[in-house]
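The values are calculated or read from the model by the stated rules, or taken from the named source; none is laboratory data. Quick caveat, the model's predicted, so the values are computed rather than measured. Every residue, glycine as well, gets a Cβ built from its backbone with ideal geometry; the counts of neighbours run over all protein chains shown.
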Amino acid sequence: MSEISKLEQILIIKKIDNETANISINDNEMLMAIVGQFDQNLKSLSKLTNTNVFFRGNSITCKGEKENLSTFCESIKFLINKYFLTKVIEKEDIVLSVENNLKSKNSNVKSFNQIIKTPKKSVIARSEKQSEYIKALKENDIVMSLGPAGTGKSFLAVSVAITLLIEKKIDRVILSRPAVEAGEKLGFLPGDMKEKVDPYLRPLYDALYELFGADKIQKKIETGEIEIAPLAFMRGRTLKNCFAILDEAQNATETQIKMFLTRIGENSKLVVNGDPSQVDLINKSHSGLIKSKQILKDLSEIKIIEFDHNDVVRHPLVSKIIKAYQTKSSDDKN
């Protein structure tokens, strides 16, 4: 049965007049997921769409202006489709359901349908650019992504890498980043080499644990299926049958990025991620991310994705903070 047929069987929308819509969802499990604990999801959706919402049994009644009713109903459809794909409705999906609808109205943007299924959760694209990025990760051998924090650059790349590993399409996942301190002097770090570099690679561990679980990840690290190493350790290697990610590439020089990209071997994918606005090198002009983008932009085999504050999927304030700093930076240059 197609997703459209499922939707038609489960969701019934009856528009009584220009100010009221009745929605029936004939799947109790899905209904509870969409309504949320203590009706919290419906309350959030009501606030975001400027409508009054009432819930009883398997019926949702929505009152408001015609355009707002339409947004509310389309948001419910979006959430049902999200549940079909992932079997879960998360807090951020409520905001995304409304934003997706508004963007579609304003710019004819299609629904974001790229999805990655990992052992612990299914990851769905939360913006048009994220959807484009996931598609590029699946189809291209080399991908570069540039943009601010919170746009999913690293998380989505790790998600695709883990999926390919589970499907046995590759033998290893290699996660790397320059061992550069983020504007602070950490001093002497105790322990062996792994313990010394782990603090720099912690964000990559966090993504792995969220997608796979700590115990399973640790076992794959021990067997070598997942390797986490500083960028300096990539020199002289040829990466075959693997998915390698260079994170925080704004802290790598042009020479280092070239070194990483030229490691590519048979049946491998390489991803370079970075935020040009967060360079931690002592001499910021040594950052090779923007330079590498300019050098490689005309190579059709390399896909370059550029995110901006509109693609931020963390707390809504993150996008506003990034935009404020960008505006300040532009004002200073003028």
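Listed values, structure above:
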| read-out | value |
| --- | --- |
| Number of positions in segment 35-51 that are modelled with pLDDT of 90 or more and loosely packed, with under 13 Cβ neighbours inside 10 Å | 3 |
| Residue 28 vs. criteria at pLDDT 80 or above, in contact with a Gly (Cβ under 7 Å, 6 or more places away or on another chain) and either among the aromatic types (Phe, Trp, Tyr) or not assigned by TED's automatic domain parsing to the domain that holds residue 158 (or both) | no |
| Considering residues of segment 265-294 that are among the hydrophobic types (A, V, I, L, M, F, W, C) and crowded, with 17+ Cβ neighbours inside 10 Å only, the residue farthest from residue 156 (Cα to Cα) | 279 |
| Hits in segment 52-77 - residues which are buried (at least 16 other Cβ atoms within 10 Å of the Cβ) and of a type in the set (Gly, Ala, Ser) | 64, 70, 75 |
| Residue check for residue 260: in contact with a Lys or Arg (Cβ under 8 Å, 6 or more places away or on another chain) and within 18 Å of residue 137 (Cβ to Cβ) | no |
| Members of segment 49-67 that are among the aliphatic types (A, V, I, L, M) and either assigned to a helix (DSSP H, G or I) or in contact with a Cys (Cβ under 9 Å, 6 or more places away or on another chain) (or both) | 53 |
| Yes/no for residue 289 being closer than 22 Å to residue 147 by Cα and modelled with pLDDT under 90 | no |
| Near pairs, Cβ below 8 angstrom, 6+ apart or cross-chain, from segment 66-81 (under 16 Å from residue 125 (Cα atoms)) to any residue that is among the aromatic types (Phe, Trp, Tyr) and at pLDDT 85 or above | none |
| Counted residues, segment 119-153 - those being surrounded by 24 or more Cβ atoms within 10 Å (Cβ to Cβ) and among the hydroxyl-bearing types (Ser, Thr, Tyr) | 3 |
| Residue tally, condition under 19 Å from residue 262 (Cβ atoms) and touching a helix residue (DSSP H, G or I) at 6+ places or on another chain (Cβ under 9 Å), over segment 130-144 | 3 |
| All strands (runs of 3 or more DSSP E) inside segment 68-175 with 2 or more residues being modelled with pLDDT of 90 or more | 142-146 |
| Scan of segment 42-90 for residues that are of a type in the set (D, E, K, R) and under 16 Å from residue 12 (Cβ atoms), ordered by number | 56, 74, 77 |
